[in-house]
1. Any idea which of Leu33, Leu42, Leu27 is exposed (fewer than 11 other Cβ atoms within 10 Å of the Cβ), aliphatic (A, V, I, L, M) and in a helix (DSSP H, G or I)?
2. Hey, among Lys55, Lys6, which residue is assigned to a helix (DSSP H, G or I), among the basic types (Lys, Arg) and surrounded by fewer than 13 Cβ atoms within 10 Å (Cβ to Cβ)?
Amino acid sequence: MKYFLKIVAVIIVITYSLRLVNAQSDLLVFGGLAIIGGAVYLLATDLNQFFSSFKSKIQ
């Protein structure tokens, strides 16, 4: 359950960051891209942990 909540949180963060990417200021654009990059990294690590735990439960 906690993995799903983290995935939902990452989707919300990416959605908010897309508003920053559409901003006029370069600093906000790069900040939004940095947040999106960090969120995608966290999503990838959480999915990796989820599939590892799922795989260990199957075996």
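1. Leu27
2. Just a single option satisfies the conditions, and that option is Lys55.
Read-outs: derived from the displayed coordinates by stated rules, not from any lab. This structure is a prediction, so every number in the text was calculated from the model and none was measured. Here Cβ is always computed from backbone atoms with ideal geometry, including for glycine, and neighbour counts include all displayed protein chains.
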